[in-house]
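Taken together, the values in this text are just the output of simple stated rules run on the coordinates, not laboratory data. None of the values given here were measured: they were computed from a predicted structure. When we count neighbours, we look across all protein chains shown, and the Cβ atoms used for this are built from the backbone with ideal geometry, even at glycine.
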Amino acid sequence: MADDGMLMNFTIGDSVIKPEAKFKGGTWRDRLTAKKRSAHRGSEKAPGDAAARNAASKNPNQVQLGTRPVKRQRTEDSDSFNRPSAPRSGGDRRPQQHPRDPKHFVSSLFTSNPEARNPEEPKEEREAEDAKPTNAPLIDGLDTFTNLGLSPNLAAHLLTKLELKAPTAIQRSSITQLLKEESDAFIQAETGSGKTLAYLLPLVQRIMDLSKATNEHNDTQVHRDSGLFAIILAPTRELCKQISVVLENILRCANWIVCGTVIGGEKKKSEKARLRKGLNILVATPGRLVDHLDNTEALQVGNVRWLVLDEGDRLMDMGFEEELQGIVKKLDARQRPSRVPGVPTRRTTILCSATLKMNVQKLGEISLKDAVHIKADPSDEDEEKTNKDEEESFRVPAQLKQSYAIVPAKLRLVSLTAYLKRTFMRKGSVMKAIVFMSCADVVDFHFELFSRNQDREQQRKSDEENKRDEKDEKDEKDEKDEEKEKLSPHGTIAPGRAFSTPTNPVILHRLHGSLPQNVRTATLGSFSRSTEACVMICTDVASRGLDLPNVDLVVEYDPAFSSDDHTHRIGRTARVGRDGRALVFLQPGCEENYVEVLKRGYRDGGKALTRTDANEILKRGFGGNDNKKKNWEERTTDWQMDVERWALDNPDYLEMARRAFQSHVRAYATHTAAERSMFNIKELHLGHLAKSFALRDRPGKINVPGLRPGQEDTKKDFKAARNGVAGNKRKAEDAPSSTNVADEAARKMRAKMREHMSGANEFNLA
Ligand SMILES: Nc1ncnc2c1ncn2[C@@H]1O[C@H](COP(=O)(O)OP(=O)(O)OP(=O)(O)O)[C@@H](O)[C@H]1O
């Protein structure tokens, strides 16, 4: 049987077509847990109907990996799976049964791939000139930090010590506004437009002014014991640390003002000691701040007059909102008139993000009143959005060259490899690239695959055939471990052999939230400091706020779970006026509709957006020079066969591949409700997808027990799936009340967020 009629081995409950509660923010696992619990709660509303309860208690998109497969419906579209998309060449490359195992199935890369539904739009004549950067400093304008109202001392410090010559557009707007008025504010501007300084500079200036206000004797009035005036909250430790580094750099010109952090990752005792000594500005993660507000007497917040929520939309999302409300309530309750003259009477709240929506209900919850919307260019007519879709989207830096690649599931892995090969073919053209993937298991698998040593593998195999003695094997393993050890003591950095050339070696990094915080910190630090070509494969843990230097390229191998996340991901490149490129992989079919979402990010309706496809990428990446010997299709097929054998020959890698496949399918089901029609799990061809994980198994056979620690929920899902419907059944009398379920879901989600932020060491980008 050809793989064309590959069986779809999952069932989708009826609830998938029912309207569902929207779950935004958090990691995909948080959303999955919430969705599952919500579905379960829904089921309890109809007691007595056991069948309905069973159906509803499952995740609507849950993939039942162990149950009897349901055949893929043959619709007009699915027929396209039977259409060959490229001529076969280079001998017989028809699908075959694997000789070793009848359960395995070797399918051809270039047959039965679905074709793109939407034809390529005719390319308009593009202007030769590149788009003018929209997030660059305004060096050609007349605005200087001084004439925006910053003191000559502070402006001189920015110029001489921090090499900041002129403000960016958002800094111009926010400094003017926040220096003169006390109103609450939203700072919303493109990624990489300097929003951190947009709120830090006026804040520091206002606190510096407190010293001047009543200082008759010309000595500084404000000192570390004068009180805590400002709190800056950010969702992750990495971001807090980054903000704190910037703040410390600014305060070098006003060293009587003291800042500090409480972000966890060190003994609470040391944080308490720091608070006891006195701070004027505090940078904190919400969880840790709540903890200190409850337990640390030395943390006096009566004088706090500025509360900044960096990545404010994320902080108001699931997992943080309750903590945030608690913080606001405590600040309100403990506010006192200040002894320090010049301190405003009311507290100002400032929200800041590239994807901030003026969500009135949420704002009420954190007591934001009559907030001013600060934009990069208030007179920008283009910003006046008319339709709802546009309101929901955010601009990307105009100089960012974005493209999308229509790549069928089977060709995903080879296309990514080819694209990165091509990218790093010439030394110096791209320094750093970030590749976003759906989840931790997928990151780990690709890290292992891209860093594998082909020569050594081949050597190993032939040596095995020659029955080498055990000692030699051990030596070889030690050698391999040593090599990895040299690059990274944590196993998160390795040579990226799949796309290195002898003249341009590429270093590979991996990063995800399941790594211990100190490993995350070390890995990010290494990627950030690296002066060699390097690639970081990661999950959304690296999507927000991080300012990593010299990132030239962002690849979204798996599209983001929401369009807001997409904005943040691609925002890791093309920062402060620099060039950058981004590529998103889309599969033919419903995913093509995502192009409309990408277009909304541009002022010109997406004329700058370019399209490519798998064949184009493969030709460029696997084309090679000696075309006479082999063509690109043969080379691609050889590479794919090689990785399939690599996975098959080593049980560890095979399990990794299977686990990655399973986790990926689960993650795919957690795209936000608004975008799920574009990422419809019913359209996923699991058989083809498995090939992009180097698997020859039929999807129904892929069944990996024991997921990574801390994934109890996913594990339960998995077991339930394995045991079929009965496994998921919960007796009515055992079922907790709906309130308990909701509380439990909320508690678990908060715990997971804390888990993500726990165990951190300091992340120092400077
Ligand atoms: N006026 C300026 N001139 C030159 N560089 C600047 C200026 N302001 C900020 N930068 C630099 O721009 C980079 C991006 O700044 P920042 O991280 O604040 O951007 P952002 O808008 O918060 O991005 P994101 O939305 O991704 O968090 C930093 O490296 C910062 O040092």
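Summary of computed values
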item: Förster radius 25 Å - calculated FRET efficiency between K330 and K277, Cβ distance, rounded to 0.05; result: 0.70
item: Added length on full extension, which subtracts the Cα-Cα distance from 0.36 nm per residue, K630 to N453; result: 61.5 nm
item: Restraint check, K241/K421; K410/K599; K272/K330; K241/K375; K329/K369; K165/K427, Cα-Cα greater than 23 Å; result: K241/K421; K410/K599; K241/K375; K165/K427
item: Inter-site label distance for M641 and T501 at 7 Å from Cα along Cβ, in nm; result: 2.6 nm
item: Gyration tensor (alpha-carbon) shape descriptor, region 219-308, a/c threshold 1.5; result: oblate
item: Residues with amide H under 5 Å from that of M431, placed H, sequence gap 5 or more; result: D552
item: 3J(HN,Hα) from dihedral phi, region 168-180, Karplus parametrisation 6.51/-1.76/1.60, rounded to Hz, x for glycine, proline; result: 7, 4, 5, 5, 4, 5, 6, 4, 4, 5, 6, 7, 9
item: Listed peptides 279-292, 342-355 by packing density, highest first (mean Cβ within 10 Å); result: 279-292, 342-355
item: Under the Karplus curve 6.51 cos²θ - 1.76 cosθ + 1.60, θ = phi - 60°, whole-Hz ³J(HN,Hα) for region 670-685, x wherever Gly or Pro sits; result: 10, 4, 4, 3, 5, 10, 5, 5, 8, 10, 8, 4, 5, 8, 5, 8
item: For q = 0.21, 0.23, 0.27 Å⁻¹, Debye-computed log10 I/I(0) when each Cα of region 136-180 counts as one equal scatterer; result: -0.63, -0.75, -1.01
item: Phi to ³J(HN,Hα) by Karplus 6.51 cos²θ - 1.76 cosθ + 1.60 over region 520-529, Hz, x for Gly, Pro; result: 4, 4, 5, 5, 4, x, 5, 4, 5, 7
item: Nitroxide proxy distance, nm - points 7 Å out along Cα→Cβ at L142 and N550; result: 3.9 nm
item: Within region 146-212: Cβ-based charge dipole about Cα centre, in debye rounded to nearest 20 (Lys, Arg +1; Asp, Glu -1); result: 220 debye
item: Sequence-separation-based contact order of region 526-653, relative, with Cα cut under 8 Å and 6+ spacing, percent; result: 15 percent
item: More than 20 angstrom apart: percent of Cα pairs within region 489-547; result: 23 percent
item: Highest-first arrangement of 328-337, 441-450, where packing means the average Cβ count within 10 Å; result: 441-450, 328-337
item: Cα-derived Rg to Rh of region 523-634, Kirkwood definition; result: 1.01
item: Label-point separation, K607 to K180 (7 Å along Cα→Cβ), nm; result: 3.6 nm
item: Among 411-423, 246-258, 179-191, 154-166, the order from most to least packed when residues are scored by Cβ within 10 Å on average; result: 411-423, 179-191, 246-258, 154-166
item: Three semi-axes of the equivalent ellipsoid, region 552-613, Cα gyration tensor, whole Å, largest first; result: 19, 13, 12
